[in-house]
Amino acid sequence: MALIVQKYGGTSVGSVERIEHVADKVSAFRAKGHEVVVVVSAMSGETNRLLALAQEIDPQPEGRELDVLLSTGEQVTIALLAMALKKRGVAARSFTGGQVHIRTDNAHNKARIVDIDRQRVSAVLEAGEVVVVAGFQGVDEDGNITTLGRGGSDTTAVALAAALEADECQIYTDVDGVYTTDPRVEPKARRLERITFEEMLEMASLGSKVLQIRAVEFAGKYNVPLRVLSSFDDDMDGQTGTLISYEEEGMEQALISGIAFNKDEAKLTVLGVPDHPGVAHQILGPVGAANIEVDMIIQNVGADGTTDFTFTVHRNDFARAKEVLERVAEELGAREVSADDKIVKISLVGVGMRSHAGIASQMFEILASEGINIRMISTSEIKVSVVVDEKYLELGVRALHSGFGLEQSIELTQ
């Protein structure tokens, strides 16, 4: 018998029929003797509907009242799922985040979990009941309802699993696991049986939308085994999907586990900046002050005592960043500002890179053979990222997927 925390997203509980299907899955786990805690999101589209109602009243509603409103979406789902379980003869009880004492800071609409009191959930589990918890929400120290931001139900599930020392946290979604890359771009993409926390964190931060970054960070910090599964298949054992855990000694790791990409990149370059100490801060300081996050950075020093400074930002921040940079360039006496919002970032990710040299050069060779020019390069211990023209995204991903043989699985040694 195991203690399992299961999370079902908005599409998984998007209708009464789907909630009934979730109840069947939970019932099957309970029938095997497992203790089960279920975390659910609001029904698909409900959070957007509630947000639209708020914005009809006030285009920028107060954070506290918005949290009170948005938290009701999950409250509907927990009650319906508890009803469906009881109809099947499964003892179940629903709880809001506040009722199970998920305590957060007071940052409304993007709160972070501070503490969870496990006693109430443990008591209900010991009584033989399934615990159904509203994801995405908690309460601050003053008792105000807070929400955790988009995708926050993943974080709720992982945090509960950590607090309860669960055997596994299962994230049920509309995909059946983590793939070597997006199957919509490369049809030969293969589902991974397992991946490390490090790799999943890189994949999530580089554009993979399967899991929320905060949830992966939380799972890695507290060593909570995560499994991504599809809520729409008939697997009632929860042993398929992709397991995310720490790297195991003696296990052969694939050289590259996956290819992530981000379409939301834009590039800015300030040309001919006088080269002197502190120039990087003079450029990026005002950008940071405008609350614009910078990703990749390159600085090239010329022979004439000037430097060209290039960095990337999220495409949503492109216009604002360009405006800030043009003002800074004028103050510094730079030659001009160059901007391009038709770029993408493609990244290779894999812990196997640690013990293999030449990954970057092989990547560059594959892209060159397809006539793809690289604009920027960034590397770390387990990833290599390149910026290329947007038009080459699909060609680049497919070429790299084939070039590194990602459609083929490796045999794991014991």
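In Å, what is the Rg of the alpha-carbon atoms in segment 259-403, and how long is Dmax?
For segment 259-403, the Cα radius of gyration and maximum Cα-Cα distance read 16.4, 48 Å.
What ranking, highest mean first, results for peptides 170-179, 349-358 when packing means the other Cβ atoms within 10 Å averaged over each residue?
Result, highest mean Cβ count within 10 Å first: 170-179, 349-358.
Hey, can you rank 116-124, 398-406 by average C-beta count inside 10 Å, highest first?
Per-residue Cβ counts within 10 Å, averaged per peptide and sorted highest first, yield 398-406, 116-124.
Determine the sum of side-chain charges near VAL294: Lys and Arg each +1, Asp and Glu each -1, restricted to other residues whose C-beta is under 12 angstrom from that of VAL294.
The answer is -3.
Compute the projected area of the convex hull of the Cα atoms of segment 330-404, averaged over all viewing directions, and report it in nm² to one decimal place.
Across all orientations, segment 330-404 yields a mean hull projection of 6.5 nm².
What fraction of the Cα pairs in segment 35-116, stated in percent, has a spacing above 18 angstrom?
51 percent
Could you give the alpha-carbon Rg of segment 20-63 over 2.2 N^0.38 Å, rounded to two decimals?
Working it through for segment 20-63, the quotient is 1.88.
Quick one: P(r) of segment 120-260 from all Cα-Cα pairs, 10 Å bins, percents rounded to integers, in order of increasing distance.
Over segment 120-260, the share of Cα pairs per 10 Å bin runs 11, 38, 35, 13, 3, 0 percent.
Please give the per residue volume of the convex hull enclosing the alpha carbon atoms of the chain, rounded to a whole number of Å³.
Given the Cα convex hull of the chain, per-residue volume reads 168 Å³.
Counting only DSSP beta bridges with both residues in segment 3-250, what percent are antiparallel, rounded to the nearest 5?
For segment 3-250, the DSSP antiparallel bridge percentage is about 25.
Say each of MET1 and GLU193 gets a label point 7 Å from the Cα, pointing the same way as Cα to Cβ; how far apart are those two points in nm?
Going by the 7 Å Cα→Cβ label model, 3.0 nm.
Ranking request for peptides 67-75, 140-148: highest mean number of other beta-carbon atoms within 10 Å first, then the rest in descending order.
So the peptides 67-75, 140-148, ranked by packing, come out 67-75, 140-148.
May I ask you to give the average projected area over all directions of the convex hull of the Cα atoms of segment 3-250, in nm² rounded to one decimal?
13.9 nm²
If you take every residue apart from HIS276 with its C-beta less than 15 Å away from the C-beta of HIS276, what net charge results, scoring Lys and Arg +1 and Asp and Glu -1?
Net charge in that neighbourhood comes out at -4.
Quick one: if you stick a label point 7 Å off each Cα along the C-beta vector at VAL68 and ALA52, how many nm between them?
Output for this residue pair reads 2.4 nm.
Just the number, please: percent antiparallel of the DSSP beta bridges in the chain, rounded to the nearest 5.
In the chain, approximately 65 percent of DSSP beta bridges are antiparallel ones.
When the helix-only estimate is applied to the chain (DSSP H runs of n ≥ 4, each -39,500 (n - 2.57), divided by the residue count), what is the mean residue ellipticity at 222 nm, nearest 500 deg cm²/dmol?
-10500 deg cm²/dmol
Assuming 0.36 nm per residue, please report the length gained on full extension of the stretch PHE232 to GLU165 beyond their Cα-Cα distance.
21.4 nm
Just to confirm a number: summing +1 for Lys and Arg and -1 for Asp and Glu over residues other than VAL130 whose beta-carbon lies under 11 angstrom from that of VAL130, what do you get?
So the environment of VAL130 carries a net charge of +2.
Each reported figure results from applying straightforward, stated rules to the coordinates on display, with no laboratory input. Note that the coordinates shown come from a computational prediction; the quantities given were computed from them, not determined experimentally. Cβ: placed from backbone, ideal geometry, glycine included. Neighbour counts: every protein chain shown.
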